[in-house]
There are 2 protein chains.
Amino acid sequence: MNEIKIFSPATVANVACGFDVLGFCLDSVGDDMVIRKTAKKGIHIANIEGFDLPYEAELNVAGVSALAMYEAIDVDFGFEIEIYKNIKPGSGIGSSAASAVGSVFGMNELLGKPFNKTELTAFAIEGEALASKCEHADNLAPALFGGFTLVKSLSPLKILEIPTPNDLYATIVHPQIEIKTSESRALLPKEVPLSDAITQWANLGSLVHALHTNDYELIGNSLNDVIVEPYRSQLIPYFNEVKQAALKANALGVGISGSGPSIFTLCKGSETANKIKQAIQDVYSKTGIDFEIHVTKINTEGVKIIE
Amino acid sequence: MNEIKIFSPATVANVACGFDVLGFCLDSVGDDMVIRKTAKKGIHIANIEGFDLPYEAELNVAGVSALAMYEAIDVDFGFEIEIYKNIKPGSGIGSSAASAVGSVFGMNELLGKPFNKTELTAFAIEGEALASKCEHADNLAPALFGGFTLVKSLSPLKILEIPTPNDLYATIVHPQIEIKTSESRALLPKEVPLSDAITQWANLGSLVHALHTNDYELIGNSLNDVIVEPYRSQLIPYFNEVKQAALKANALGVGISGSGPSIFTLCKGSETANKIKQAIQDVYSKTGIDFEIHVTKINTEGVKIIE
């Protein structure tokens, strides 16, 4: 096998009470990528469609993660990468993570899978760091493993696969505004009340238990973020209106996807997911803000070969 | 049935990363209590052995929780309570919780179980509040439900039963010193670094997952408390020495039980639990401090009828 086409999915990180550790994988939103062995050594970006991104491998997220893996292997050939990008950079649903994951996943397949998924995550972290200026794996882990993942620690890198209830759907709205990462970060307090921290970890423990026990009601009761959302939601226009409308339409919970501006909602069943879509459309269509909405099952497979 | 004898177990609360929410139940340490229907209405403490505690029901933890339940029922008889206390008050392994739980569990049995365990916890909270001057359920819940429990929230009261791996044992040392609750509380910071809070909830999420998946190694890797232990361990002489000795003897993790002074360790198997006991004895026997050590399986049943 000298060439492979893959689907690298969008993901939601910072899942409410699981800020900085919990993410999940989307099914119908993601990038396509082609990875190809070449006689020429090194990593080369051969084509990028969809968005304007750098072709220099060392300046491209997919290129940097590919280079990280390439340095760890000893081969007399190279790799060429084509990126067909559907996930808008800056949308808050893991655009850079999809790129970072796609290249290393594809290369690993062409090499006969010498690396496990945790090792692939470690390579992808280097690509992701180019985009986000810091090392984190909360979008990478769900893109690689699928389903819900908890990044227990970065050093050593320890990723846990949390079970995903069968009928769990996400409706995600992306208001087409730009939030500067620096601004989003600056909003976060360095210290938080101990009482709020306790509430947050009670909710996260509860959410992990709920995912293990298929308890949709408890998933809903646990999806609260008392630490970050009060700050960051200020940057997302009509966040509270969307949240209220989605909850009224039977969303189990609502939160900021990544560092925004996308807002995720979770619910039971595709019918409810589509009702939530309608409810969110009703809110945003009155505001003059352009927006996109995705309705998707939780993707338990993660990045995958499509050809 | 007019009389019942019960065993009300000791418990460990504040389980490392699960400060204020996670507890577990002990098997071989606990109080015996006799609850008896009486023609005379009201709640009466008929006998207390083991420790010097008040006989006035409204000043006694078991009495106050019993009164809370008694006010919620309409009967033409009363209850008499005998308390055979083995758990030393102030030891940090849920002495008051055992009393608070025992009376309401026993009365509920004699009444034909009109209340579920969460409702019993709510009554017991009132008794526990007499001892600890605040409402909390982190010792009550494991005493009533057995195993590991996560108190997701107090209002509404929501208690989750987390699975307990079969071969999980605890070794607990009680150095016979007094820690004033007020001093122990005053040590806690009102605010904590967000980065530490994230580490704590990553560990708690991971611990809940590890308990669900019988992953002893991950239980060990998750049993870290970066928030409270650095403060409160200062009040417990030789805490760090005990911790190191226990870990060296293959403890999965070590932490402060409740607000101390007891120290709990968890491990796989009774043989290791006894080795840990020896290792802790070796530390404390050189210090001149009196101490007691308990080795116990995790009790998955909780409070129970013995006669």
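The values are calculated or read from the model by the stated rules, or taken from the named source; none is laboratory data. Remember, it's a predicted structure, so these values are computed and weren't measured experimentally. Ideal geometry is used to build each Cβ from the backbone, glycine not excepted, and the neighbour counts take in all protein chains shown.
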Which numbered condition trips up A:Leu188, out of (1) within 14 Å of chain B (Cβ to nearest Cβ); (2) free of Cβ contacts under 8 Å to residues at least 12 places away in the same chain; (3) surrounded by fewer than 22 Cβ atoms within 10 Å (Cβ to Cβ)? (2)
Could you list, ordered by first residue, the pairs with Cβ atoms under 9 Å in which the first is in region A:263-284 and more than 9 Å from A:Ala246 (Cα to Cα) and in the same structural domain as A:Cys25 (by TED's automatic domain parsing) and the second is crowded, with 20+ Cβ neighbours inside 10 Å and among the β-branched types (Val, Ile, Thr), at least 6 apart or interchain? none
Residues located in region A:21-39, provided they are farther than 26 Å from A:Met1 by Cα and β-branched (Val, Ile, Thr): A:Val21, A:Val29
Taking the conditions exactly as written (more than 12 Å from chain B (Cβ to nearest Cβ) and modelled with pLDDT under 95), does A:Glu135 satisfy them or not? yes
All positions within region A:142-193 that are outside the structural domain of A:Gly288 (by TED's automatic domain parsing), of a type in the set (Ser, Thr, Tyr) and over 16 Å from the mean Cα position of the chain (by Cα): A:Ser153, A:Ser155
Yes/no for B:Ala66 being closer than 24 Å to B:Leu26 by Cβ, surrounded by 14 or more Cβ atoms within 10 Å (Cβ to Cβ) and either at pLDDT below 95 or not assigned by TED's automatic domain parsing to the domain that holds B:Ile177 (or both): yes
What do you reckon, is A:Asp52 at pLDDT below 95 and surrounded by fewer than 24 Cβ atoms within 10 Å (Cβ to Cβ)? yes
Strands (runs of 3 or more DSSP E) (entirely within region A:1-65) containing at least 1 residues that are of a type in the set (Lys, Arg) and more than 14 Å from chain B (Cβ to nearest Cβ): A:3-12, A:22-38
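Kindly indicate whether any position in region B:53-62 is of a type in the set (Ser, Thr, Tyr) and more than 21 Å from B:Glu307 (Cβ to Cβ). Steps first, please.
First pass over region B:53-62, keeping only residues of a type in the set (Ser, Thr, Tyr): B:55.
Checking the rest, the ones that are also more than 21 Å from B:Glu307 (Cβ to Cβ) come to B:55.
Checked against the condition, which is being of a type in the set (Ser, Thr, Tyr) and more than 21 Å from B:Glu307 (Cβ to Cβ), region B:53-62 yields at least one hit.
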For region B:201-236, what are the residues that are more than 8 Å from every other protein chain (Cβ to nearest Cβ), under 20 Å from B:Gly147 (Cβ atoms) and of a type in the set (Ser, Thr, Tyr)? B:Thr213, B:Tyr216
What is the one condition in (1) in contact with a Leu (Cβ under 8 Å, 6 or more places away or on another chain); (2) under 22 Å from B:Phe264 (Cβ atoms) that B:Asn166 does not satisfy? (1)
